[in-house]
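Enquirer: Pasting a structure here, questions to come.
The values are calculated or read from the model by the stated rules, or taken from the named source; none is laboratory data. As the structure is a prediction and not an experimental result, all values here were calculated from the model. Here the Cβ is made from the backbone with ideal geometry for all residues, glycine too, and neighbour counts use every protein chain on show.
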Amino acid sequence: MHHGLDVKLYPPVRYVEITHLTPPGSPSITIIEVMSVNATVPEFYHVAGPARFKVTGTAIKSSNVDGK
């Protein structure tokens, strides 16, 4: 898996974790955590509003934080 505009410029990643938050009465917020193969600290990206992702060749897990 690679992140960025060009795989020649950005290193492959160990993992990507995506968290969607939808506060009542507010737009959804997406937090994306990316850990590069050669990094010791992950990068974080924040997106407000709808976010779409193309996911291939990976497992998708979903959880409900509040238990409902």
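Enquirer: Picking from A51, A59, which residue would you name as being assigned to a loop (DSSP other than H, G, I, E, B), modelled with pLDDT under 85 and in contact with a strand residue (DSSP E or B) (Cβ under 6 Å, 6 or more places away or on another chain)? Walk me through how you get there before you give the answer.
Expert: On the way: A59 fails: in contact with a strand residue (DSSP E or B) (Cβ under 6 Å, 6 or more places away or on another chain).
A51 is the lone residue from the list that is assigned to a loop (DSSP other than H, G, I, E, B), modelled with pLDDT under 85 and in contact with a strand residue (DSSP E or B) (Cβ under 6 Å, 6 or more places away or on another chain).
Enquirer: Could you say whether any residue in the stretch 22-34 is modelled with pLDDT under 85 and of a type in the set (D, E, K, R)?
Expert: No - not one qualifying residue is present in the stretch 22-34.
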